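Participant: Below you will find the structure I want to go over with you.
The values are calculated or read from the model by the stated rules, or taken from the named source; none is laboratory data. As the structure is a prediction and not an experimental result, all values here were calculated from the model. When we count neighbours, we look across all protein chains shown, and the Cβ atoms used for this are built from the backbone with ideal geometry, even at glycine. Heads up: the accessible areas ignore ligands, DNA and RNA and are worked out on the full protein's heavy atoms, side chains in. Shrake-Rupley method; radii C 1.70, N 1.55, O 1.52, S 1.80 Å.
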Amino acid sequence: MKKLIILVLAIGFVSCQSNSLKKEFNCGASSENSELKEYRDFLKHFKIEIPKSWKTTLYYDEYSSDIYTADTSKQFTDSFVVEISWKQGELTLDESFAKKINDTLQFKEKLKMVKSGFGEFKEKPMYYNLSEGSRSGMNHKFLQVYLKTNIDEYITLTSKVYGDSLVDQRICNSIEIFDNLKLIE
């Protein structure tokens, strides 16, 4: 009986450790304390708080609803671009899906996978990956999070970080933005 309890606790501990993007990317406490503004996607599937001073654009069509945002007051290589998208379509988060994403990144986007994994985010199943490459002679990293929200719906959270300065910090800042996501169900 003791062994069973220890096993259950160990499994719970390991699964809790892998469920947080902040833990996966070794992010500490929030570093920016800016005034936030809440945005709701056009199709009313999610809302998110974004720094008020950032340039934010909304887009939608019949099958998707997107919010694009970036801090345009900083140099391109000191900032990052975030996209949050609701998509209609079935999504199976498994090894086959991960391979398709990796193949697309490698062959179409010419990016190399750095880190990937499965877990939970906002109590929903997720798959994340971080890839890197060069575009227009500039190094960049690309973080994608796929979040299955319903049988035929999912959300993607992406961040593009250009340049070589404070890359890990900007990825963590992206994850801070992702943490502001609230699903509307």
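Participant: Expressed as an acute angle from 0 to 90° and rounded to the nearest 10, what is the orientation of the C-alpha long axis of helix 167-179 relative to the principal long axis of the chain?
Facilitator: With rounding to tens, the tilt is 70 degrees.
Participant: Taking only DSSP H segments of four or more residues, each worth -39500 (n - 2.57), what value at 222 nm results for the chain once the sum is divided by all its residues, to the nearest 500 deg cm²/dmol?
Facilitator: Details: 4 runs with 42 residues, N = 185.
Helices in the chain give a 222 nm mean residue ellipticity of -7000 deg cm²/dmol.
Participant: For Lys74 and Glu153, what is the calculated FRET efficiency with R₀ set at 41 Å and r taken between the beta-carbons, to the nearest 0.05? Each step should come with its number before you reach the end.
Facilitator: Values: r = 33 Å, r/R0 = 0.82.
For Lys74 and Glu153, the calculated efficiency is 0.75.
Participant: Please work out how much length the chain gains when fully extended from Phe25 to Gln88, using 0.36 nm per residue of separation minus the C-alpha to C-alpha distance, in nm with one decimal. Don't skip to the end; give the middle numbers.
Facilitator: Values: separation 63, 0.36 × 63 = 22.68 nm, distance 2.84 nm.
Extra length available between Phe25 and Gln88 comes to 19.8 nm.
Participant: Defining a contact as two alpha carbons under 8 Å apart and six or more residues distant in sequence, what relative contact order in percent does the chain show?
Facilitator: With pairs under 8 Å counted, the relative contact order is 22 percent.
Participant: Tell me, what is the per residue accessible area of the stretch 35-183 in Å², probe radius 1.4 Å? The partial results should precede the final answer.
Facilitator: Details: 7790 Å² over 149 residues.
Solvent-accessible surface per residue comes out at 52 Å².
Participant: At a 1.4 Å probe radius, carbon and sulfur cover how many percent of the accessible area of the chain?
Facilitator: On the way: 5710 of 10790 Å².
Roughly 53 percent of what the probe reaches on the chain is carbon or sulfur.
Participant: Also, I was wondering about something else. Report the charge-dipole magnitude of the stretch 43-185 in Debye, nearest 20, computed about the Cα centre from +1 at each Lys and Arg Cβ and -1 at each Asp and Glu Cβ.
Facilitator: Working: 20 positive and 22 negative charges, 77 e Å.
Roughly 380 debye for the stretch 43-185.
Participant: Mind grabbing the accessible area of Cys27 for me, 1.4 Å probe, Å², rounded to tens?
Facilitator: Approximately 20 Å² of Cys27 is accessible to the 1.4 Å probe.
Participant: Could you tell me the center-to-center distance, by alpha carbons, between the stretch 125-185 and the stretch 65-114 in angstrom?
Facilitator: Centre-to-centre distance over Cα atoms comes out at 6 Å.
Participant: Quick one: if the Förster radius is 22 Å, what FRET efficiency do Leu58 and Glu185 give, using the C-beta to C-beta distance and rounding to 0.05? Show your work: numbers first, answer last.
Facilitator: On the way: r = 20 Å, r/R0 = 0.91.
The value I calculate is 0.65.
Participant: Just to be sure I follow the definition: excluding the sites themselves, where is the longest run in the chain that has none of the chymotrypsin sites (Phe, Trp or Tyr not before Pro) in a DSSP loop with at most 16 other Cβ atoms within 10 Å? Could the numbers behind the result be given before it?
Facilitator: Details: sites that count: Phe25, Phe42, Tyr63.
Longest stretch, sites excluded: 64-185.
Participant: Another question, if that's okay. Rounded to two decimals, what ratio of Rg to Rh does the stretch 34-181 give with C-alpha atoms and a Kirkwood Rh? Don't jump to the answer; show the numbers that get you there.
Facilitator: Working: Rg = 15.1 Å, Rh = 15.9 Å.
On the Cα set of the stretch 34-181, Rg over Rh gives 0.95.
Participant: Continuing with the same structure: Need the list of lysines near Lys55 for cross-linking: C-alpha distance under 25 angstrom, and skip anything on the same chain fewer than eight residues off.
Facilitator: Within the straight-line limit of under 25 Å, Lys55 reaches these lysines: Lys22, Lys37, Lys44, Lys47, Lys74, Lys87, Lys141, Lys160, Lys182.
Participant: So for the pair Phe97, Asp164, with labels modelled 7 Å out along Cα→Cβ, what separation do we get in nm?
Facilitator: Once both label points are built, they end up 3.6 nm from each other.
Participant: What full-extension length gain, to one decimal in nm, is calculated for Ser34 and Lys108 as 0.36 nm per residue of separation minus the Cα-Cα distance?
Facilitator: Between Ser34 and Lys108, full extension yields an extra 23.0 nm.
Participant: Then there's this: Go through the stretch 51-107 and name the trypsin sites (Lys or Arg not before Pro) that are in a DSSP coil and have 14 or fewer other Cβ atoms within 10 Å of their Cβ. Let's see the in-between values first.
Facilitator: Working: sites: Lys52, Lys55, Lys74, Lys87, Lys99, Lys100; in loops: Lys52, Lys74.
Here the sparse-neighbourhood loop sites are Lys52, Lys74.
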